[in-house]
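The next block holds one structure in the form of structure tokens; read it before the comments.
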Amino acid sequence: MVKTTKASLAGLKYFAVLWHPNINQPVLTGINRADVFGSYEPDRFSQASVAVHLDVQPPLSRPVKNHLICASWGAALLRRVRGDDAPQCAKENEMATFLSTLYASTGENYGIIKALKPFKNKLLEGLRIKSIYSPWCAFSLWVLLVKPCSNHLCGLLHHIDAENDYATPAMFLTNTGQIHVQLVRDSGQPSAFLSPFKVPLGQWCRISMEILGRLTQLSIACTDGQQQFIKTAEHVFDINPMLDDTHGYFVIGGGKFTKGIEGYYGPTKFFRTKGLPADPAEIQLPDIIAKVNITGWLQSCQKFKSDLFFNAQSTVKTLSDRCLDVYTDLVLNHGTEITTERCTFFESPTNRYRRQVARLAKILTQKHGNVLSPTLGRVLYSLVLRKLKSADGLEVINRLMPFLLQSGCLGDNRALHLSSVLYSSGFGVKKQPYKAWLLSLLAAQDDWRLALLRLGHMHHVGDLDVTPDHELSYAYYINIARQTTKDHKKPTQEQTFVELIRLNDEETLKAQTSENDDLFHWLKLQARSGVAEAEQAMGRMLFWGQQGVSPDIQTAVKHYERGATRLHDPVSAYDYAIVLLTGQGVQQNVQKAVTFLNKAVEQGFVPAITALGWYYEQFERDYEKAALLWKEADAKGHPDAAMNLGVLYSQALGLDGAIIQFKAFQCYLRSAQRGHMNGGIALADVWIHGIPGQVARRPEDAVLWAKWASEQNGYLGTVLRKGLNAHLKGDWMMSLIYYLNAAESGFEGAQFNVAYLCELNSVSLTPHPLKHQCLITRFTHTSRSSSPTSFTAHRHKLLLYHFSVSRQMNFFPLLEVCKQGMLQGHMCIKHSLGEIHEPGESVPSLLYIYLSIVGHHLLDVYIRSRPIRQQCGGQATADDVHVPCTLNSSSSSLSSSALLRMVETSLWFRHIPRSSTANSWHSCSKARY
């Protein structure tokens, strides 16, 4: 029995003694909780006693109890009555997934930026807050290192706080291959240690780090498919680190202050309030890593190059130039064996495709000495393009794929990207999405711009096993966007100004020219005759390579100079001053440039005001004068001025001496909205990071601005120009291939042109499903773009219905699509309805009644199709200028039997004799064809 001590306290009304075996667990009573240290058996501690004084309150004055465990009587009753229908709280995972797929890192200052929010669950949020000064968490990430770290430190995973300082944790790879781990105390003082092991090359490795108070455990588990490598290390800090995971943001890879690795990042997880789960006995690669199989490609490619160049260098005989020509003929005509005796002594691999490349390598080695693999890859890619240009059908693409893959293995990223495009689209080859993804990752890791664009687009809209990931998409887009800025400062022959030209825009196509075209010579004559606009046009086309003219900066500068000195044109004076300031195409002459800028300013040319401010900022270091000029130009709406003001505000130069990030953000926003590329990039940087307390993070907007800037890259412009030139020459297949290169990168204009070419050359696209797939895929991507034409969306839905696999005749979802299209003035939607009719199908009369095309207009719409086609081609609305109205007779015209069934099912035309209707259709068809 438990005895109680005597108590003489006044007011003692009630006391209770409670036994409980678990010291720190609450007792579920409404009276009291008392902790007794000892056994659960009272007889063993007969002298122990506890007396508690309780001041019992009246019932109505008692505070309301917050029932955290027991539900109220009413809630329990509702749960029993309603069962599973009762609303449930959303489950919240305490594990944060930073990366669920793969990321190709180029080793630059680009990475995946992730920010976390507080838990919605009060219990989890309470645990998180309590562990800020005594963290109990874990991180796990997969990496594949292709090259050693070329800097002192390369970013793996690091945390940046709101003050732009490193926070807990920070993991870096050193130039010796070790892992540098750094934690930060609450005082802001960092502590770090170095792992005793190194990260191997060419193997997928899972790097895990557990922070358990002052103890930090670091482990690595690597596998190359055959052998495993597992190492662990521990370090005890002298004081607990501080980790507030909602403060600032996390970065996978490179960031503002450090570069990333040259390799690949895999799935990355953060266990916010607990340690790592128990590891399995064997290392299990994540499914996405196994499906893409980057290591498989790297191993086979390395073996191929080793065998190839060993055999090539072992040959000492001298070959004539004729052998190279014979090989070229061999590659262009597969199946033809070499008959020249001089070319038959090489030892050939068993694979016939490798045998031909080995012969080419040996020939080039004998002719030019040591030949590097990129050189051989470029030669091989050129031969493949030559064969494609001379091909008559799609069959040759499948035969050339091994050569494209070998060219990509040898280092030609154009071949990797083209192979990825073909495997992704299924154009001439069997669709292999994961292989296409693999090839894009390989090219993107080597910083190939179109591959970066494709992966950015892929993760923006979602594809395969991945859902849209704005932060991952941004990491790719911002890479090429910043490269685009550098490319514009150093234009080359490989770059062309990006022009959005739709292949059905006849007026724009007529404006295309070349150095040998009559239009170009006419403009040249006008410029010599003293027409300022002609001088401007000639300089612009030659400097940027616009309208089909090849870039020629030196000649462009001559036109700028002539317009500035002879014609006193402010535009030419400004352009001439800019090239004098930067030294592009002419020797740099700053004072002469300032003279022409002042002349342009005197004539009221606003861009010259901004350029003059740039002179004071760059050459005079007079930031106040530059700021005054930029404020004046900004007030007049010049985008460059707003961008430059934003830089001054962000760096506290020439204004009030303080960094004002919010004012900088406002300047970036104005500049971007006015169409300035650097303004868009700076705005995207603010959206992805945010400004604490002022501007919230908006990753979805950051992606759009980075995408817009990246799509102005000159290498993309070159591909688009080649596609347009091929179309103008009548080579539809090469035009389609070039536009596919750009379309797979997410460029809306290229996607439209691919759909246009597929529809225009439907007869050549065999088998029949390839045409359907081409149309649906391209209209799908175009309709998903940030600014699709309204017709594109309706056209896509019609095609999707027409080419559906099920062919279920459910017209009612289609009715709303057609109605909305025609309400927006798209008369072509009526004509496009003809594509949904196939022999053996009947159409309910409600369809025509609903669309207001029944009655006496039925025959006019479907039999007399010429007026509809004229409306389709000559509409004045902006959207319909870009409508592909090449609906050929094989898909859009109705057979007589189909028309008869339509007429029979219509309540409005049951009185029409069958014979008269048939005769009218046949006479119409004869007249048309």
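With a 1.4 Å probe and all protein chains left in place, how much accessible area per residue does region 506-705 have, in Å²?
47 Å²
For the peptides 179-188, 505-514, what is the packing order when you average, over each peptide's residues, the other Cβ atoms within 10 Å and list the highest mean first? All intermediate terms of the calculation are to be shown ahead of the outcome.
Working: 179-188: 17.8, 505-514: 13.2.
Put in order of decreasing packing, that is 179-188, 505-514.
At 1.4 Å probe size, with no ligands or nucleic acids counted, give the accessible surface of Asp287 in Å², nearest ten.
120 Å²
Could you rank the peptides 395-402, 639-646, 526-533, 557-564 by their average count of other C-beta atoms within 10 Å per residue, with the highest value first?
Values: 395-402: 16.9, 639-646: 26.2, 526-533: 14.8, 557-564: 22.8.
With the highest mean Cβ count within 10 Å placed first, the list reads 639-646, 557-564, 395-402, 526-533.
If a paramagnetic tag sat 7 Å from the Cα of Gln178 along the Cα-Cβ line, which residues of region 197-215 would have the backbone N under 16 Å from that point?
From region 197-215, the list is 197-200.
Each residue of region 702-708 in turn: what ³J(HN,Hα) in whole Hz from Karplus with 6.51, -1.76, 1.60 and θ = phi - 60°, glycine and Pro shown as x?
4, 5, 5, 5, 5, 5, 4
Would you mind calculating the relative contact order of region 506-705 from Cα pairs under 8 angstrom and at least 6 residues apart, reporting the percent as a whole number?
9 percent
Using the per-residue mean of other Cβ atoms lying within 10 Å as a proxy for protection, in what order, highest first, do the peptides 428-441, 295-308 fall?
The packing order, highest mean first, is 428-441, 295-308.
Report the accessible area of Met541, computed with a 1.4 Å probe over the heavy atoms of all protein chains in place, in Å² rounded to the nearest 10.
0 Å²
List the relative contact order of region 177-264 as a percent without decimals, with contacts defined as Cα pairs under 8 Å and 6+ residues apart.
After rounding, I find 22 percent.
Can you work out D for region 506-705 in µm² s⁻¹ from Stokes-Einstein, where Rh is the Kirkwood radius over C-alpha pairs, the temperature is 10 °C and the viscosity is 1.306 mPa s?
86 µm²/s
Go through Trp73, Trp544 and list them by solvent-accessible area, largest first, probe radius 1.4 Å.
Trp73, Trp544
Greater than 31 Å separation of Cα atoms is the criterion. Which listed pairs, Lys120/Lys198; Lys117/Lys489; Lys91/Lys130; Lys256/Lys722; Lys114/Lys430, meet it?
Long pairs (Cα-Cα over 31 Å): Lys120/Lys198; Lys117/Lys489; Lys256/Lys722; Lys114/Lys430.
For the residue pair Val56 and Arg355, what label-to-label distance in nm results when each label sits 7 Å from Cα along the Cα-to-beta-carbon direction?
About 10.3 nm, to one decimal.
What figure, in Å² to the nearest 10, do you get for the accessible area of Tyr166 with a 1.4 Å probe and non-protein molecules left out?
70 Å²
Leaving ligands and nucleic acids out of the surface, order Glu700, Glu602, Glu535 by accessible area at 1.4 Å, largest first.
Values: Glu700 85, Glu602 155, Glu535 0 Å².
Listed by decreasing accessible area, they come as Glu602, Glu700, Glu535.
The values are calculated or read from the model by the stated rules, or taken from the named source; none is laboratory data. Owing to the predicted nature of the structure, the values given are computational and were not obtained by experimental measurement. Here Cβ is always computed from backbone atoms with ideal geometry, including for glycine, and neighbour counts include all displayed protein chains. Side chains are part of the model used for accessible areas, which takes the heavy atoms of the whole protein and leaves out ligands, DNA and RNA. Shrake-Rupley method; radii C 1.70, N 1.55, O 1.52, S 1.80 Å.
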